[in-house]
Amino acid sequence: MPEIPKKQKAQVIEKTGGPVEYKEIDVQQPGPDEVLVNIKYSGVCHTDLHAVNGDWPLPTKLPLVGGHEGAGIVVAKGNLVTDIEIGDHAGVKWINGSCLACSFCQQSDEPLCAKALLSGYTVDGTFQEYCIAKAAHVARLHKDIPLDAVAPVLCGETPQSLRNVRTGCGTDLCVAGITVYKGLKESGARPGQTVAIVGAGGGLGSLAQQYAKAMGLRTIAIDSGEEKKKMCLEQLGSYAFVDFGTSQNVVKEVQEATEDGLGPHAVILVAVNEKPFQQAAEYVRPRGTVVCIGLPAGAYLKAPVFESVIKMVTIKGSYVGNRKDTAEALDFYRRGLIKAPFKTVGLSELQKVYDMMHEGKIAGRYVVDTSK
Ligand code: 8ID
Ligand code: ZN
Ligand code: ZN
């Protein structure tokens, strides 16, 4: 049996608006249907920053330990848990648990469950060394996804350490991949078709390009700045980049980037800004689908009725993924198809990551090492 300490380090939000505080808290015991996961690495998602800022019309628990993209090792389990063992590798994701009995859960739409527990939002999440999750919902990470081998080059505590880049995909990142994989499936785009990824330079966007490529889709990346452009075109497989910061006409440029000028077959919106949500229906191809995933604060969808009707456009939301989507998304990673750039820092440096994220300065994803 692994030794479980009574105390651990965690990043805690005491009040909405932050800041996060790096401090010592108690390690919790798992309930009968739960596991305790020793989190090794956790991805930092813009959702975590929305939680700190209180951006959404859904209150968080307080005090709160954020984080929902954690990868680690099961160290304890409740007596009802039979299909996951101590020592198994597991991922703690946004849907921490659900009732498994309501009409949505029965049909594998557990993200829609009214009783769903949300990691790092309504229950404590992965920005701590030991995290609790419902056993039914933890992602099963195959042992041939070695947690240590995906561990990025360990960094010091100086700001320079924030520049250590490693390309690959930690298991933590693949937990983030579920959302974009699901969104691509929801788009209905078929191999050979073109998908615009809006917010392509961010965490979800960079994974979306890799999943799209693995699914046989062609991608147009939309974001801003030279660093993100280079990453999208040279590392992530997009064949075109539209810079929303310098473009005189994003709608026109996106359409012109498609072979026949009619626009992409689908649009995956992962930006944290309202404007692109209002442009997508204009440049999507007739019969095309706009999939909304990003959750900018207080934003509204707006689309021209005339064009949406005569182009027969579909506009829909997509919210994380179910347990099967999780297993499928992880399988893409296991087969070596998903490589998105990320940088690793200690959990103690989380506030710095949030500050950079707030300024839109992060190309790809940051991952925190809970031991530092
Ligand atoms: O299930 C879901 N629907 C789900 C799951 C996980 C995350 C939704 N999300 C939401 C997050 O809460 C967040 O609102 O997806 C959004 C994106 O999360 P992220 O990828 O973690 O954010 P990021 O790394 O900050 O990337 C956002 C990118 O958007 C770009 C930025 O430059 C950045 O690279 N962007 C912005 I801000 N405005 C843009 C614009 N007008 C834009 N890109 C294109 N056009
Ligand atoms: Zn996330
Ligand atoms: Zn339910």
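So for the chain, taking the charge dipole from beta-carbon charges (+1 Lys/Arg, -1 Asp/Glu), which of Phe342, Gly31, Cys105 sits furthest toward the positive end? It is Cys105. Per residue, the Cα convex hull of segment 288-364 amounts to 179 Å³.
One Cα centroid belongs to segment 218-276, the other to segment 49-90; the line between them spans 34 Å.
For segment 1-124, list log₁₀ I(q)/I(0) at each q in 0.13, 0.23 Å⁻¹, using the Debye formula over Cα point scatterers of equal strength and ignoring solvent, two decimals each. Normalising to I(0) and taking log10 leaves -0.58, -1.46. Taking chymotrypsin sites (Phe, Trp or Tyr not before Pro) as exposed when DSSP calls them loop and at most 15 other C-beta atoms lie within 10 angstrom, the chain has its longest site-free stretch at 1-238.
Note that segment 248-307, at 10 °C in a medium of 1.306 mPa s, gets a Stokes-Einstein diffusion coefficient of 134 µm²/s from its Kirkwood radius over C-alpha pairs.
Can you tally the net charge around Asp243? Count Lys and Arg as +1, Asp and Glu as -1, for every other residue whose Cβ sits under 11 Å from the Cβ of Asp243. Could the numbers behind the result be given before it?
Details: positive: Lys228, Lys229; negative: Asp223, Glu226, Glu253.
Around Asp243, the surrounding residues sum to -1.
When the alpha carbon gyration tensor of segment 183-294 is reduced to an equivalent ellipsoid, the three semi-axes, largest first, read 17, 16, 13 Å.
Helix 171-187 sits at what angle to the longest principal axis of the chain, using alpha carbons and giving 0 to 90 degrees rounded to 10? For helix 171-187, the angle is close to 40 degrees. Let me know the shape class of segment 27-69, please: from the alpha-carbon gyration tensor, a ≥ b ≥ c as square roots of the eigenvalues, rounded when a/c is under 1.5, otherwise prolate if a/b is greater than b/c, or oblate. Oblate is the answer for segment 27-69, as a/c is 1.5 or above yet b/c matches or exceeds a/b.
Considering only Val272, Asn322, His89, whose Cα is most displaced toward the positive end of the charge dipole of the chain, charges sitting on Cβ of Lys, Arg (+1) and Asp, Glu (-1)? Sorting the options by dipole projection puts first Asn322.
Based on every Cα atom in segment 194-234, Rg and the maximum pairwise Cα distance Dmax equal 9.1, 27 Å. Summed over qualifying helices (DSSP H, 4 residues or more, each -39500 (n - 2.57)) and divided by its residue number, the chain shows a 222 nm mean residue ellipticity of -6500 deg cm²/dmol. In a DSSP loop and with at most 11 other Cβ atoms within 10 Å, the GluC sites (Glu not before Pro) in segment 254-287 are Glu259. Compared with the dominant principal axis of the Cα atoms in the chain, helix 203-214 is inclined by about 70°. Build a GNM of the chain with springs between Cα atoms under 10 Å apart, and of Gly294, Gly54, Gly321 the one that fluctuates most is Gly54.
Work out the length of the dipole vector of the chain about its Cα centre, built from +1 on the beta-carbon of each Lys and Arg and -1 on the beta-carbon of each Asp and Glu, and round it to the nearest 20 debye.
On the way: 40 positive and 41 negative charges, 100 e Å.
Dipole magnitude for the chain comes out near 480 debye.
3J(HN,Hα) along segment 51-64: 5, 4, 7, x, 6, 10, x, 9, x, 8, 6, 9, x, 10 Hz, from the Karplus curve 6.51 cos²θ - 1.76 cosθ + 1.60 with θ = phi - 60°, whole Hz, x for Gly and Pro. Taking only the C-alpha atoms of the chain, the Rg (one decimal) and the largest Cα-Cα distance, Dmax (whole number), read 20.0, 64 Å.
Throughout, read-outs are computed from the coordinates displayed, never taken from laboratory work. In this text, all values refer to a predicted model and were calculated from it rather than measured experimentally. Ideal geometry is used to build each Cβ from the backbone, glycine not excepted, and the neighbour counts take in all protein chains shown.
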